[in-house]
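One structure is given here, and the rest of the page talks about it.
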Amino acid sequence: MQIHYLEIVTSKVDELCAYYSKVHATYFNEPEAKLGYARVASLENGGMIGVRAQMHESEEPIVRPYLLVDDIEVAIAQAIDAGAQIAHPPLEISGYGHFAIYILGGVQHGLWQL
(Lines give C-alpha, C1' and ligand atoms only; values in the text may rest on other atoms or scores of the structure.)
Protein backbone atom coordinates (compact mmCIF):
# COMPACT_ATOMS: atom_id res chain seq x y z
CA MET A 1 0.00 0.00 0.00
CA GLN A 2 1.37 3.40 -0.98
CA ILE A 3 -0.04 6.87 -0.46
CA HIS A 4 0.27 8.67 -3.79
CA TYR A 5 -1.34 11.98 -2.85
CA LEU A 6 -1.87 13.50 0.57
CA GLU A 7 -4.44 16.28 0.33
CA ILE A 8 -4.59 18.86 3.10
CA VAL A 9 -7.50 21.30 3.07
CA THR A 10 -7.00 24.34 5.30
CA SER A 11 -7.77 28.04 5.60
CA LYS A 12 -4.03 28.66 6.23
CA VAL A 13 -2.44 27.43 2.97
CA ASP A 14 0.55 29.78 2.84
CA GLU A 15 1.35 29.35 6.52
CA LEU A 16 1.20 25.56 6.34
CA CYS A 17 3.31 25.42 3.15
CA ALA A 18 5.90 27.71 4.74
CA TYR A 19 6.03 25.51 7.85
CA TYR A 20 6.38 22.24 5.90
CA SER A 21 8.99 23.82 3.61
CA LYS A 22 11.10 24.92 6.56
CA VAL A 23 10.75 21.81 8.73
CA HIS A 24 11.00 19.23 5.94
CA ALA A 25 13.28 21.12 3.52
CA THR A 26 10.81 20.85 0.66
CA TYR A 27 9.33 23.21 -1.92
CA PHE A 28 5.67 23.81 -2.76
CA ASN A 29 4.81 24.90 -6.29
CA GLU A 30 2.42 27.68 -7.20
CA PRO A 31 -1.29 26.71 -7.04
CA GLU A 32 -2.27 23.99 -9.52
CA ALA A 33 -5.75 24.55 -10.99
CA LYS A 34 -6.22 20.87 -11.90
CA LEU A 35 -5.81 19.93 -8.21
CA GLY A 36 -8.24 22.49 -6.77
CA TYR A 37 -5.52 25.17 -6.67
CA ALA A 38 -3.45 23.09 -4.28
CA ARG A 39 0.16 24.04 -3.77
CA VAL A 40 2.00 20.78 -4.38
CA ALA A 41 5.30 19.37 -3.14
CA SER A 42 6.81 16.23 -4.68
CA LEU A 43 7.82 13.33 -2.47
CA GLU A 44 10.90 11.15 -2.92
CA ASN A 45 8.72 8.08 -3.61
CA GLY A 46 6.99 9.80 -6.56
CA GLY A 47 3.95 10.86 -4.55
CA MET A 48 2.73 14.36 -3.76
CA ILE A 49 1.46 16.49 -0.89
CA GLY A 50 -1.10 19.11 -1.87
CA VAL A 51 -2.23 21.93 0.40
CA ARG A 52 -5.31 23.86 -0.69
CA ALA A 53 -8.03 26.14 0.62
CA GLN A 54 -11.63 25.07 1.02
CA MET A 55 -13.50 25.19 -2.29
CA HIS A 56 -16.77 26.36 -0.67
CA GLU A 57 -17.96 27.49 2.75
CA SER A 58 -19.34 24.08 3.73
CA GLU A 59 -16.07 22.23 3.07
CA GLU A 60 -14.32 21.44 6.33
CA PRO A 61 -10.55 21.33 6.83
CA ILE A 62 -9.39 17.74 6.31
CA VAL A 63 -6.38 15.55 5.64
CA ARG A 64 -7.25 12.97 2.97
CA PRO A 65 -4.77 10.28 1.85
CA TYR A 66 -5.17 8.88 -1.66
CA LEU A 67 -3.93 5.31 -1.99
CA LEU A 68 -2.32 4.28 -5.25
CA VAL A 69 -4.29 1.48 -6.94
CA ASP A 70 -3.83 -0.50 -10.14
CA ASP A 71 -7.52 -0.37 -11.13
CA ILE A 72 -9.68 2.38 -9.67
CA GLU A 73 -12.95 0.79 -10.85
CA VAL A 74 -12.15 -2.46 -9.04
CA ALA A 75 -11.01 -0.57 -5.92
CA ILE A 76 -14.16 1.57 -5.80
CA ALA A 77 -16.33 -1.56 -6.26
CA GLN A 78 -14.53 -3.17 -3.32
CA ALA A 79 -15.19 -0.08 -1.21
CA ILE A 80 -18.89 -0.17 -2.13
CA ASP A 81 -19.03 -3.87 -1.24
CA ALA A 82 -17.59 -2.95 2.17
CA GLY A 83 -20.41 -0.44 2.71
CA ALA A 84 -18.72 2.77 1.54
CA GLN A 85 -20.59 5.79 0.22
CA ILE A 86 -19.10 7.35 -2.90
CA ALA A 87 -18.31 11.02 -2.30
CA HIS A 88 -16.73 11.50 -5.75
CA PRO A 89 -16.82 8.87 -8.50
CA PRO A 90 -13.68 8.11 -10.51
CA LEU A 91 -12.61 11.10 -12.58
CA GLU A 92 -9.59 11.70 -14.78
CA ILE A 93 -7.38 14.72 -14.14
CA SER A 94 -5.40 15.32 -17.32
CA GLY A 95 -1.72 14.71 -16.68
CA TYR A 96 -2.27 13.26 -13.20
CA GLY A 97 -4.38 10.10 -13.59
CA HIS A 98 -7.74 9.18 -12.06
CA PHE A 99 -9.01 9.80 -8.55
CA ALA A 100 -12.08 8.89 -6.49
CA ILE A 101 -13.24 9.59 -2.94
CA TYR A 102 -15.36 7.40 -0.71
CA ILE A 103 -16.54 7.53 2.90
CA LEU A 104 -16.25 4.45 5.08
CA GLY A 105 -16.41 4.35 8.86
CA GLY A 106 -17.05 8.09 8.94
CA VAL A 107 -13.66 8.75 7.30
CA GLN A 108 -12.96 10.09 3.80
CA HIS A 109 -10.60 7.94 1.75
CA GLY A 110 -9.11 8.66 -1.66
CA LEU A 111 -8.00 6.38 -4.47
CA TRP A 112 -5.52 7.29 -7.22
CA GLN A 113 -4.71 5.43 -10.42
CA LEU A 114 -1.87 6.57 -12.66
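Conditions tested, residue by residue: (1) farther than 19 Å from L91 by Cα; (2) hydrophobic (A, V, I, L, M, F, W, C); (3) surrounded by 14 or more Cβ atoms within 10 Å (Cβ to Cβ).
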site: K12; (1), (2), (3): yes, no, no
site: C17; (1), (2), (3): yes, yes, yes
site: T26; (1), (2), (3): yes, no, yes
site: A33; (1), (2), (3): no, yes, no
site: M55; (1), (2), (3): no, yes, no
site: S58; (1), (2), (3): yes, no, no
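Each row is one residue, and each column tells you yes or no for (1) over 18 Å from G110 (Cα atoms); (2) modelled with pLDDT of 95 or more; (3) of a type in the set (A, V, I, L, M, F, W, C); (4) not assigned by TED's automatic domain parsing to the domain that holds Y5.
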| site | (1), (2), (3), (4) |
| --- | --- |
| S21 | yes, yes, no, no |
| H24 | yes, no, no, no |
| E30 | yes, yes, no, no |
| K34 | no, yes, no, no |
| Y37 | no, yes, no, no |
| V40 | no, yes, yes, no |
| E44 | yes, no, no, no |
| I49 | no, yes, yes, no |
| A53 | no, yes, yes, no |
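Within the range 86-100, being among the charged types (D, E, K, R) and more than 16 Å from L68 (Cβ to Cβ) holds for no residue.
Based on this model, can you work out whether A79 counts as at pLDDT 95 or above and of a type outside the set (K, R)? Answer is yes for this residue.
The values are calculated or read from the model by the stated rules, or taken from the named source; none is laboratory data. Source: prediction; values computed, not measured. Please note: Cβ atoms are built from the backbone with ideal geometry, for glycine as well, and neighbour counts cover all protein chains shown.
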